[in-house]
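*Asks:* Have a look at the structure that comes next, please.
Please treat every number below as a calculation from the coordinates, not as lab data. Quick caveat, the model's predicted, so the values are computed rather than measured. Cβ sites come from the backbone with ideal geometry, for glycine too, and all protein chains shown count toward neighbours.
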Amino acid sequence: MKLVLKGHNERYTVEQSLMNLFPGELPVYGPVLPEDESWAVVDCREEGDTLTVTTELTCRGRTALRSYGTGLSGTAFDREGQRRHAVGACFYLAALEFLAGPPPWGMLTGVRPDKPVTWMLAAGKTPAEACRMLEETYFVTPPRAALAAETGGAAAEAAKGLGPRDIAVYVGIPFCPTRCAYCSFVSQSVEKSFHLMAPYVDALVEEIRAGGEMVRERGLRVRAFYMGGGTPTTLTAEQMERVLAAFGSSFDTSFCDEITVEAGRPDTLTPEKLAVLKDRGVTRVSVNPQTMEDRVLRAIGRRHTAGDIARAMELVAKYEFPHVNMDLIAGLPEDSAEGFRRSLDACLAFGTDNVTVHTLALKRGSRILQEGLSVPEPAEVAAMLDAAFPVLRGAGYAPYYLYRQKYMSGSFENIGWTRPGGRCLYNIYIMSELCSILSFGAGGSTKMVEPGTNRIERVFNVKYPAEYAARPDKCLANQRAFAAFYSRLYPGGANC
Ligand code: SF4
């Protein structure tokens, strides 16, 4: 879609809104020409403390014209935020004329739609006030606003238990047995990368040891540990033991409330690996079938059946982990509302205390897009989610964290559901950005969160396992950046 911005330069806001509201449309700039089929002119006029935005949007032979007025106040930074919101709101209102109905999350395009709720609740507002703000300011639909009030409330609650020096640790294992059709992650299938696993684990153990020393020196407390991927259980039992032992011996784990390991693919689970997890104090494993329909499993390139998942769950049950999560995805190729409901019922029958319901995100680089696999329409995905929510609530689960991704079917969300007492704190910490996350491994992103403010800094590890194993200097530089961040916050050192 051709974009013309007048009187402002809120390019990012308009582009994000465009891609969110018109999936598949890409922004193009330049004067509108007679042959252009779709274009938008977003015009801002400021008079004193009053801002009026006008959007003229033409698409598929029709034109919509909408205006949005607002007052400007506060600092230059505040006014910039007010201008950005007005531009996004005006574009949204014009776009609405072309949509089948209001998008579930209104004009919000970000990953964390419940973050403003957490801030409002922390500032003493009520959930009802937070809901009203989402509906009136961002045009969020009432069911999604209510959902955000619940998950934002869970985050506000979790924040109360964190001290200023509390952090979480993430370890990434970027290997998987095969590559799923919807995946765009850097994860390497084992057939291609088996030879990389041993040097990868050697480098990872060294990085964890160095990180442990740095964290002790800075007087930080690890409150949650999460090993994700990829599929961590692609490692051998001995390799998993080395990684978990490195964490246990390098960090003070006495304040660590939970240790989670993703055991995503049932075809990677063995009694030996589960025994290692149990012996190393793992409190939660996550077995992620994504679907319990064999047809869908084949379509997404999994090399296992629903029967394999059932056998894996039987095996997991023998080790009596305090918490078990299962992931499902709504909107996979070959799936239907009935199929998704059967998958959900099958997961609930295993009695896990956590179920995470994702919505398919159509990611560039995934086989779904590259091979043009057909996926259910957004209305079918909506039917899957609409049916799932009451079933989960009826079975005693409540939503406790949520996030969105780009290019999600129907512009929905991913939601973690838990039975009472089963929430995974790491998921809340990372999604609500409540504390720093120190990441180890290829592709890791270390996030430094300044307590009490919204200031966040990030550093990234190298992306691919071979480069990671060959370049420990990059990881150590990231750890120095992490240490420097805390030195600036607490110049007096560990006991300050
Ligand atoms: S298990 Fe996850 S990381 Fe691995 S290929 Fe599938 S989607 Fe990608």
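*Asks:* Given the C-alpha centroids of segment 1-70 and segment 100-135, what is the distance between them in whole angstrom?
*Replies:* A separation of 24 Å, based on Cα centres.
*Asks:* Between R60 and S445, what is the FRET efficiency for a Förster distance of 35 Å, r being their Cβ-Cβ separation, to the nearest 0.05?
*Replies:* Step by step, r from the Cβ atoms, then E = 0.35.
*Asks:* Of the peptides 168-174, 43-49, 373-379, how do they stack up when ordered by the mean number of other Cβ atoms within 10 Å, highest first?
*Replies:* 168-174, 373-379, 43-49
*Asks:* Take R45 and E217, extend 7 Å from each Cα along the Cα→Cβ direction, and tell me the distance between the two endpoints in nm.
*Replies:* About 6.0 nm, to one decimal.
*Asks:* What distance in nm lies between label points placed 7 Å from Cα along the C-beta direction at T253 and L33?
*Replies:* 6.4
*Asks:* Please state the shape class of segment 412-496: rounded when a/c is under 1.5, otherwise prolate if a/b exceeds b/c and oblate if not, all from the C-alpha gyration tensor.
*Replies:* Oblate, because a/c is 1.5 or more while a/b does not exceed b/c.
*Asks:* Treat the count of other C-beta atoms within 10 Å as a stand-in for reagent exposure and order Y29, Y400 from fewest to most.
*Replies:* Y29, Y400
*Asks:* Can you find, among T359, G264, T305, the residue farthest towards the positive end of the dipole of segment 234-360? Put +1 on the C-beta of Lys and Arg, -1 on that of Asp and Glu.
*Replies:* Most positive-ward Cα: T305.
*Asks:* Got a sec? How would Y182, Y407 order by Cβ neighbour count within 10 Å, fewest to most?
*Replies:* Lowest count first: Y407, Y182.
*Asks:* Direction-averaged shadow area of the convex hull around the Cα atoms of segment 1-99, nm²?
*Replies:* 6.0
*Asks:* Run the simple label-point estimate for E238 and L476 please: 7 Å along Cα→C-beta, distance reported in nm.
*Replies:* Once both label points are built, they end up 2.7 nm from each other.
*Asks:* Starting from the Cα of K115, draw a straight line to each of the aspartates and glutamates and keep only those under 12 Å, dropping any in the same chain fewer than 8 residues away.
*Replies:* Within the straight-line cut-off, K115 pairs with E150, E433.
*Asks:* Multiply the residue gap between K6 and K192 by 0.36 nm, knock off their C-alpha separation, and tell me the result in nm, one decimal place.
*Replies:* Here the segment from K6 to K192 would lengthen by 61.9 nm.
*Asks:* Ok, one more. Compute the FRET efficiency between R298 and K406 as 1/(1 + (r/R0)^6), taking r as their Cβ-Cβ distance and R0 = 25 Å, and round to the nearest 0.05.
*Replies:* Result of the calculation: an efficiency of 0.40.
*Asks:* Out of all DSSP beta bridges with both ends in the chain, state the antiparallel percent to the nearest 5.
*Replies:* Of the beta bridges lying entirely in the chain, close to 45 percent run antiparallel.
*Asks:* Right, next: Which of the peptides 262-271, 197-206, 30-39 is most tightly packed, and how do the rest follow, judged by the mean count of other Cβ atoms within 10 Å per residue?
*Replies:* 262-271, 197-206, 30-39
*Asks:* Then there is this: Run the helix sum for the chain: -39,500 (n - 2.57) per DSSP H stretch of 4+ residues, divided by residue count, reported at 222 nm to the nearest 500 deg cm²/dmol.
*Replies:* Value at 222 nm, helices only, nearest 500: -13000 deg cm²/dmol.
*Asks:* In whole Å, how far is the Cα centre of segment 354-418 from that of segment 275-314?
*Replies:* 18
*Asks:* Right, here's the next one. Kirkwood Rh and Cα-based Rg: tell me the resulting Rg over Rh for segment 285-407, rounded to two decimals.
*Replies:* On the Cα set of segment 285-407, Rg over Rh gives 0.96.
*Asks:* In which sequence would L93, L244 go, from the one with the fewest C-beta neighbours within 10 Å to the one with the most?
*Replies:* So the residues, fewest neighbours to most, are L93, L244.
*Asks:* Rg/Rh for segment 1-57 to two decimals, with Rh computed the Kirkwood way over all alpha-carbon pairs.
*Replies:* Radius of gyration over Kirkwood radius for segment 1-57 works out to 1.00.
*Asks:* Hey, can you rank 10-18, 383-391 by average C-beta count inside 10 Å, highest first?
*Replies:* 10-18, 383-391
*Asks:* Report, to the nearest 10°, how far helix 190-217 tilts away from the longest principal axis of the Cα atoms in the chain, using its own Cα long axis and a range of 0 to 90°.
*Replies:* It is inclined by approximately 90 degrees.
*Asks:* Please report, in debye to the nearest 20, how large the charge dipole of the chain is about its Cα centre when each Lys and Arg carries +1 at its beta carbon and each Asp and Glu carries -1 there.
*Replies:* Roughly 660 debye for the chain.
*Asks:* Note down the Stokes-Einstein diffusion coefficient of segment 80-165 in µm²/s, whole number, using a Kirkwood radius over alpha carbon pairs, 20 °C, and 1.002 mPa s.
*Replies:* 156
*Asks:* Return one number: the angle in degrees, 0 to 90 and rounded to the nearest 10, between the long axis of the Cα atoms of helix 378-394 and the longest principal axis of the Cα atoms of the chain.
*Replies:* Long axis of 378-394 versus the principal axis of the chain: about 60 degrees.
*Asks:* Roughly speaking, what % of Cα-Cα pairs in segment 161-486 are separated by over 28 Å, rounded to a whole number?
*Replies:* Summing the P(r) tail past 28 Å for segment 161-486 gives 39 percent.
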